[in-house]
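The values are calculated or read from the model by the stated rules, or taken from the named source; none is laboratory data. In this text the structure is predicted, and so the values were computed from the model without any measurement. Here Cβ is always computed from backbone atoms with ideal geometry, including for glycine, and neighbour counts include all displayed protein chains. The protein model used for the area step is the full one, side chains on, heavy atoms only, and it has no ligands, DNA or RNA in it. Shrake-Rupley method; radii C 1.70, N 1.55, O 1.52, S 1.80 Å.
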Amino acid sequence: MGVGKKMGIRIGTTARKICIVVACLLTSMYTLAQTCSSGDCQPGVIAGPFSAPQVAENTATNFPTCKSTACLTGSWSSDQIEGIDAQQNIGSAYQFYDGTLNLDANIAVGLSANGKKAQVLEWMNGQYIQAFNKTTGNPIFTTAGGSTAVPRSVFRLWSTATQPECSSTNGNVQVIYDHVDNAFVINRHVSYVVEGIAHYAFCLAVSSESDLSSATTVWYAYEYKMDAAIPCVPTSKNCTTGTTYYYFPDWPRIGTWSNGFYVTFDLENPVGGFTEAGFETCQLDRAAMALGQASNPMTCYTYLVPPADQPSLIHSVDVADIDSPTGPPSGEPEYFLAIVNPSTAQQGGTGKTLCTSQTTPCASSQLALFTWGTSGLSGPTFLSVNAYTPGCYDTSGPNREINTVCVPEPSTNLADIGAYGSPSCGDFSTPCLDSLGDRMANRLTYNNLSSSGSGPNGEYLTASHVVMEGTEIQNTGIRYYIFKVSSGTASVVVNSGGTTGPPDLANDDNWLYYFMPSAALDKNGNLGIAYTVSGYDCSSCEVQAHPAVFFDVLPWNASSFDAPTLIIAGTADEENTNHWGQYAATVVDPTDNLTFYGLGQYFNTNQTGTSDCSVPASDCYTWQTRIFRGKYGVTF
């Protein structure tokens, strides 16, 4: 076991084939022994472990920090600061610009400790980060000798000599705060080409301490090439023929656990139009990486469904990330959670492929729970939840079910907003946004809490995703959950959207669209959710529903949310791409375990340009971000 593809091809092909055959036989035996009349009936196969060794480790100096008075702008105002913006004024020599239409961003928040400064770290698109002083709100990273704060590329953390693949500009990034080691972590997946074949690597960097303004802070940067861990696509004949060898690792997530960092990512088939074939999850040697030592290889498992049944109903899996000062008890497995997209079972089919009903809305009443314990990855265990239709689930034509674009803006053509089962704005060349309704929203938070009386006691996971609320215009809302977990099992504590319990977070009048949520739990069990609200043109409204950032709190044991807090109301639209802030984040300050921090995207100038985009001040890039914070009962 653990023999990778390249090694298997050269010296151990038989062993790998035996492993795969055994896995298939075990899965077939399971399938024959069960009956499946509803939900997910796909015969998914877990295979592994596979191994990806460390390529190199590079210890890099910290980013220069700004000391001048020019860096004292942008401080907290009503517990908000402006984050990285496409057109921010940071000096004539340094106007921020990265040439990316769509916006991927999230934040991590560090611990406040005696004698050290604390920061909020924001990541933007494929390479840029900025740290903000948690007390003053001032940005701190700059260039060498710079006198104004400047978002910095993370590329310099990896060695161009021993880790050149990590200088690639492609791939998603994510930042988290490691509560176990009190360090910031940057996670990137990148692609690189060798003799015309695309290969993939993971590049991670861990700060040596929590204070990113300290001159003594360094970054431990690692690279892991994934040839031995990512499966070969079937048409490549075990990675020996054709121009495409490997599944594409998309939508990466990372979480801190007691025994390592865990990453998850989708496995998409580039030969088949990037169809979701399943997912993969890997464990990294957190203990060694936090000290800058040589790390053990990544250990990985895959979950794949047969090609005939693809796309997989389970994909884009969230991984639990410790959010509380107290971590999991010894021996507690890591948790992974995904929605289960609707299957043909409700249409009287086999339940092995996506539901296609154009009349009765396709719905699912399952979530898929996986765990990683002493025997590696196991699952799925199906959790029964209130039925939901994924946001923007499109059955208007063949193979459109994977389209999750239907959130309108005031600039959207009203004629292009369709009912369920009909084409909607995502099927036309009109401004329209992706709800990401086919997957869990960013962050599966883990909290180990204790309190007196009726407060929370035990281990909890929180999660959220976007669902359809009405069929007439496919308006969307936010489904959210709190689970109590122990020893690899989970039970539902809060499940919105049913006949009992709290309602979904949604517009009562069914004309606004709620999307891009991220949820977190404070130490008192209050559930905070940051989200975006958008709507179509309203001729009778004084203010148009341009995308706006909100935050709301569901108090512990409450049956409804408190009044929502408007963070920032946009006055313009994103019109040249449908991708919207795919990694929005809500986190809790590890210092008090009470203060929520959030990040949202908005526009004050329409982003419309699609040509002549090489000029930073063009209308191709007008996005803005807002960082905010507050405690329940005080700010919210």
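Coupling constants for the range 610-627 follow from the phi torsions by the Karplus curve (6.51 cos²θ - 1.76 cosθ + 1.60, θ = phi - 60°), and in residue order they are 10, 9, 6, 8, 7, 9, x, 7, 6, 7, 6, 9, 10, 5, 9, 10, 10, 9 Hz; glycine and proline get x. When every Cα-Cα distance of the chain is counted in 10 angstrom steps from zero, the calculated P(r) takes the values 3, 17, 28, 29, 18, 5, 0, 0 percent. Measuring spread by the Cα atoms of the range 509-614 yields a radius of gyration and Dmax of 16.0, 54 Å. By the Stokes-Einstein formula, at 0.692 mPa s and 37 °C, the range 327-451 with its Kirkwood radius over alpha-carbon pairs has D equal to 197 µm²/s.
Determine the shape class of the range 426-467: with a ≥ b ≥ c the square roots of the Cα gyration tensor eigenvalues, call it rounded for a/c under 1.5, and otherwise prolate if a/b is greater than b/c, oblate otherwise. It comes out prolate by the Cα gyration axes.
Backbone phi angles across the range 382-395, fed through the Karplus curve with coefficients 6.51, -1.76 and 1.60 (θ = phi - 60°), yield HN-Hα couplings of 8, 8, 7, 9, 4, 4, 8, 9, x, x, 6, 5, 10, 10 Hz in residue order; Gly and Pro are listed as x. Within the range 431-452, name every residue whose backbone N is under 17 Å away from a label modeled 7 Å from Cα of Ser258 along the Cβ vector. Under 17 Å, as judged by backbone N against the label point of Ser258, lie 446-450 of the range 431-452. Could you tell me what a quarter of the Cα convex hull surface of the range 207-323 works out to, in nm² with one decimal place? In nm², the orientation-averaged hull projection of the range 207-323 is 9.1. For a Förster distance of 41 Å, can you work out the FRET efficiency between the beta-carbons of Asn114 and Ala558, rounded to the nearest 0.05? Efficiency, from the Cβ-Cβ distance: 0.70. In plain terms, the chain from Thr500 to Thr610 could stretch by 34.9 nm, reckoned as 0.36 nm per residue minus the Cα-Cα distance. Residue ranking by accessible heavy-atom surface, 1.4 Å probe, largest first, among Glu574, Glu82 comes out as Glu82, Glu574. Shape descriptor for the range 141-292: Rg over Rh equals 1.01 (Cα atoms; Rh from the Kirkwood inverse mean 1/r). Expressed to the nearest 5 percent, the antiparallel share of DSSP beta bridges inside the chain is 95 percent. If you average the C-alpha positions of the range 401-472 and of the range 276-317 separately, how far apart do those two centres end up, in angstrom? When both Cα centres are located, 24 Å separates them.
Anisotropy class assigned to the range 566-636 is prolate, per the alpha carbon gyration tensor with a/c at or over the 1.5 cut-off and a/b larger than b/c. Its residues counted as N, the range 379-487 yields a C-alpha radius of gyration over 2.2 N^0.38 Å of 1.35. If the chain linking Ser540 and Thr471 were pulled fully straight, counting 0.36 nm for each residue of separation and taking away their Cα-Cα distance, it would gain 22.6 nm. Of the three principal axes defined by the Cα atoms of the range 129-196, the extents in descending order read 50, 34, 19 Å.
Per-atom-type breakdown for the range 512-612 gives carbon and sulfur 46% of the accessible area (1.4 Å probe, protein chains only).
Per residue, the chain reaches -1000 deg cm²/dmol at 222 nm when only DSSP H runs of four or more residues are counted, each adding -39500 (n - 2.57).
For Glu334, the amide hydrogen comes within under 5 Å of the amide hydrogens of Trp372, counting only partners 5 or more places away or on other chains and with H modelled in the peptide plane. Remark: accessible surface ordering of Phe279, Phe561 (largest first) is Phe561, Phe279, probe radius 1.4 Å.
Mind jotting down the distance between the C-alpha centroids of the range 227-268 and the range 602-636, whole Å? Each part reduced to its Cα centre gives a spacing of 32 Å. A simple charge model with +1 on the Cβ of Lys and Arg, -1 on the Cβ of Asp and Glu and nothing else charged puts the dipole of the chain at about 1840 debye relative to its Cα centre. Convex hull of alpha carbon positions in the range 93-172: directionally averaged projected area 7.0 nm². Residues Lys67, Lys117, ordered by accessible area of protein heavy atoms at a 1.4 angstrom probe radius and largest first, appear as Lys67, Lys117. Once the Cβ-Cβ distance of Arg156 and Ala617 is raised to the sixth power relative to R0 = 22 Å, the FRET efficiency obtained is 0.25. The stretch between Ser450 and Thr571 holds 39.2 nm of extra length on full extension. This uses 0.36 nm per residue minus the Cα-Cα distance.
Using a simple spin-label model with pseudo-atoms 7 Å out from Cα toward Cβ, Phe274 and Ser330 lie 4.6 nm apart. Whole-Hz Karplus values for the range 213-219 come out as 9, 7, 5, 8, 5, 10, 10 Hz, taken residue by residue from phi with 6.51 cos²θ - 1.76 cosθ + 1.60 and θ = phi - 60°; glycine and proline positions read x. Model label sites at Asp592 and Ser78, defined 7 Å from Cα along the beta-carbon direction, differ in position by 2.0 nm.
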